[in-house]
Amino acid sequence: MSSKEILKQALKLKPDERFMVVEGIIKSLDEPDRSLDAIWAEEAEKRLNAYRAGNLGGIPMEEIFKEE
């Protein structure tokens, strides 16, 4: 079934049923991607090691969040 056919069928549903379909689709897009989590964990580890080795500087939190 094509996406156009799915949409056509979905539009025949009652409003509360359409809401359930939309909510389910949105939730499916918001699921965490385990491979991205691993990539970010590796990057964080690299940055921490570089900071500890003195190869990477830090920025004080106050400077980051100061209002201009």
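Derivation of every value follows stated rules applied to the coordinates shown; laboratory data play no part. Just so it is clear, the model here is predicted, and its values are computed rather than measured. As a convention, Cβ positions derive from the backbone with ideal geometry for all residues, glycine included, and neighbour counts pool all protein chains shown.
Axis angle, to the nearest 10 degrees, between helix 34-52 and the longest C-alpha principal axis of the chain: 10 degrees. Given +1 at the Cβ of Lys and Arg, -1 at the Cβ of Asp and Glu and no other charges, the dipole of the chain around its Cα centre is 460 debye to the nearest 20.
Loop-located trypsin sites (Lys or Arg not before Pro) in the range 1-46 (DSSP state other than H, G, I, E, B) with a sparse environment of at most 10 neighbouring Cβ atoms within 10 Å: K12.
Mean 1/r over all different Cα pairs, inverted: what Kirkwood radius does the chain give, in Å? It is 16.8 Å.
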